[in-house]
1. Which of the following residues is of a type in the set (K, R) and either buried (at least 18 other Cβ atoms within 10 Å of the Cβ) or on the phi > 0 side of the Ramachandran plot (or both): R342, R307, R357, R335?
2. Restricting attention to region 318-353, which residues are within 33 Å of the chain's Cα centre (by Cα) and in a loop (DSSP other than H, G, I, E, B)?
3. Just give me the residues in region 193-219 being modelled with pLDDT under 90, surrounded by 24 or more Cβ atoms within 10 Å (Cβ to Cβ) and not charged (D, E, K, R), in sequence order.
4. State which residue pairs qualify: first residue over 11 Å from T152 (Cα atoms) and open to solvent by 10 Å² or more (accessible area, probe 1.4 Å) and inside region 166-181, second residue part of a loop (DSSP other than H, G, I, E, B) and of a type in the set (A, V, I, L, M) in any location, beta carbons under 7 Å apart, and separation of 6 or more residues or different chains.
5. Using beta carbons and a limit of 9 Å, which pairs, at least six apart or on different chains, have the first residue in region 503-530 and without any contact (Cβ under 8 Å) to a residue 60 or more places away in the chain and at positive phi and the second one hydrophobic (A, V, I, L, M, F, W, C) and crowded, with 21+ Cβ neighbours inside 10 Å?
6. Any idea which of V499, V458 is open to solvent by 50 Å² or more (accessible area, probe 1.4 Å), of a type in the set (A, V, I, L, M, F, W, C) and part of a loop (DSSP other than H, G, I, E, B)?
7. Which of the residues spanning region 261-287 are of a type in the set (G, A, S) and open to solvent by less than 10 Å² (accessible area, probe 1.4 Å)?
Amino acid sequence: MPAFHAYGDGGCLVSAPAELSGMFCRGGGAVVQQRKRSLVAASAVAAAAAECMRASKKQRQPPQPSLDLLPDECLFEVLRRLPGGRERADSACVSRRWLALLASIRVSELGHAAAAAPSLPDLNEEFVMEEDTDDSSADPSVERVLEGNEATDVRLAAMAVVAGSRRGLEKLAIRGSHPTRGVTDQGLLAVARGSPNLCSLALWDVPLVTDAGLAEIAAGCPSLERLDITSCPLITDKGLAAIAQGCPNLVSLTMEACSGVGNEGLRAIGRCCLKLQAVSIKNCVHVGDQGISSLVCSASASLAKIRLQGLNITDASLAVIGYYGKAVTDLTLARLAAVGERGFWVMANAAGLQKLRCMSVTSCLGVTDLAITCIAKFCPGLKQLCLRKCGHVSDAGLKAFTESAKVMENLQLEECNRVTLVGVLACLINCSHKFRALSLVKCTGVKDVCSAPAQLPVCKSLRFLTIKDCPGFTDASLAVVGMICPQLEQVDLSGLGEVTDNGLLPLINSSEGSLVKVDLSGCKNITDVAVSSLVKAHGKSVKQISLEGCSKITDASLFCISENCTELAGLDLSNCMVSDSGVASLASAKHFKLRALSLFGCSKVTQVSVQFLGSMGKLEGLNLQYCNMIGNHNIASLEKQLWWCDILA
């Protein structure tokens with residue numbers, strides 16, 4: 001055993017092995033240095049020993065009691081026995097682990113615990129529970145929407161836990177998803193566990209949800225009635241089949257841009273969902289004739305609304321719709337490139353669409369004169385037809401259609417460039433006595449006629465006329481239409497830059513009815529003369545006037561409006577040449593009911609108008625954007641005066 005030596009007074013004992021003996025025989029300096037090192041080493045040893053003692057005592061102490069030490073199974077049993085919804089909501093804020101466990105508890109598993117929990121005679125608790133009961137009775141339908149970065153599994157689980165304390169969610173819409181922590185199947189699992197009464201689910205652009213998530217919804221939400229799936233590439237026929245088996249009460253199905261869904265999923269829906277009333281399928285590349293035909297055949301007794309767009313279907317699908325669509329009332333077909341004239345002809349001649357009321361066709365090459373004539377003949381209840389970008393429809397087809405459509409009320413033509421004013425006049429002459437609305441939008445074939453007949457028949461049933469963005473439609477055509485249609489109530493001539501007072505005045509003067517809504521947006525050649533004539537003749541009935549972009553309109557029109565219009569509720573003067581004087585006249589008008597006013601881009605309106613606008617106490621909407629002569633501080637003052645008004649500036 002090595003010997004211990006003491007160096008100096010009060011020195012500590014240090015071992016001195018033989019190999020270190022040379023350090024202590026080199027004079028007094030070496031001895032002092034060694035002594036200091038020995039003291040430092042000794043203090044370090046003492047600190048280490050103290051730390052070891054504390055660690056050993058800590059190990060000998062029993063662990064502090066904590067629920068976090070319980071395994072998931074035990075903590076699950078504890079959490080599901082919480083007495084009320086407020087307690088569960090508070091517990092969900094403890095940690096993500098607690099939130100996940102609470103979200104995995106089914107509502108049925110909470111029922112026994114809540115029923116067995118005794119009610120404590122605490123006045124505060126009774127008050128809180130009474131308040132909760134009142135809220136739930138006031139709002140029985142729980143509806144939630146998650147959008148963009150808010151759409152995560154954690155937020156969805158928290159929402160499901162809180163809503164599950166009452167009746168659970170009934171309507172849920174998820175629009176978009178967080179880029180890195182988006183909604184997955186786990187989020188839908190929480191919804192399925194906590195909201196068995198869910199009746200409407202919309203998933204828009206949720207790329208991480210798969211068939212497993214839909215299977216959980218199908219298993220936990222048997223009352224689901226409406227399903228909307230858009231841009232969910234991981235959902236396939238398996239998920240749709242699970243919905244079909246678990247949700248037999250489905251009444252509405254919407255699918256768009258779901259590349260994984262094909263014919264088998266639609267077959268399952270048609271086979272199991274016998275109450276299906278509405279189906280909309282857009283841009284699903286794997287959906288073909290087999291899926292559409294099977295769906296329509298199986299749900300023929302209840303299917304009332306069909307919308308098909310951008311699908312690889314042929315004439316066969318339209319033939320099935322025409323034969324089995326006995327309950328169909330609304331039919332929309334868009335961008336069906338493989339459907340020809342034969343498909344529309346067979347669909348009409350199958351004579352199954354006896355209840356069809358509204359039909360809309362967009363960008364279908366098969367829509368021809370023969371097709372629309374057959375539709376009018378064999379669909380006796382058709383009241384509304386909308387044709388967009390149907391370039392094969394001409395005047396002859398339009399005339400034959402109106403002659404056969406006995407109850408037609410509304411006809412809309414957009415970008416049907418083979419239709420001319422001759423066809424429009426023939427339509428107005430041959431239409432039924434119930435025909436009330438005609439709309440022509442971007443029809444470049446509608447141009448002025450060289451001469452009009454001396455005597456024109458009158459279409460007294462037409463109430464709503466829209467001629468929009470038709471560049472060839474000018475004064476002569478408008479005057480003729482005005483003579484034929486004397487009972488107009490709403491006129492939309494927006495975008496007719498060539499129309500002047502000479503065309504508008506005959507329409508105003510020939511009107512025997514009471515105009516209620518007039519839209520002259522973009523009619524840059526209309527002046528104060530026409531507007532003054534309009535408000536003098538129909539000031540007691542007109543409720544809305546739009547003069548956006550009419551750069552020749554000045555304060556003179558506002559003077560007339562303030563004097564004659566007693567029922568006017570909406571006035572759009574965007575980019576007009578009105579000034580403070582005109583605004584003052586509007587503010588000083590008696591019995592004025594103006595609720596919405598737009599002065600967008602009116603450069604002559606200055607801060608002087610602020611006091612006049614502030615006195616218009618019935619305003620609910622005011623647009624002062626790009627009124628550069630009104631300062632920000634004046635806008636702030638106006639916002640204080642009209643604190644109830646929605647002001648854009």
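1. The conditions single out R335.
2. Residues satisfying the conditions are G325, K326, A327, V328, T329, R335, L336, A337, A338, V339, L353.
3. Across region 193-219, the qualifying residues are G194, S195.
4. Close Cβ pairs satisfying both conditions: R166/V142; R167/V142; E170/V142; E170/L198.
5. Sorted first by the residue in region 503-530, then by its partner, the pairs are G522/L493; G522/L496; G522/C550.
6. It is V458.
7. G262, G265, A268, G270
Here's the yes/no breakdown for (1) surrounded by fewer than 19 Cβ atoms within 10 Å (Cβ to Cβ); (2) at positive phi; (3) within 33 Å of the chain's Cα centre (by Cα):
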position	(1), (2), (3)
S557	no, no, no
E563	yes, no, no
N575	no, yes, yes
S588	yes, no, no
L597	no, no, yes
Q607	yes, no, no
G614	yes, no, no
G617	yes, no, yes
G631	yes, no, no
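The values are calculated or read from the model by the stated rules, or taken from the named source; none is laboratory data. All values derive from a computational prediction rather than experimental measurement. Cβ coordinates were reconstructed from backbone atoms using ideal geometry, including for glycine residues, and neighbour counts include every protein chain displayed. Side chains included, ligands, DNA and RNA excluded: accessible areas come from the protein's heavy atoms. Shrake-Rupley method; radii C 1.70, N 1.55, O 1.52, S 1.80 Å.
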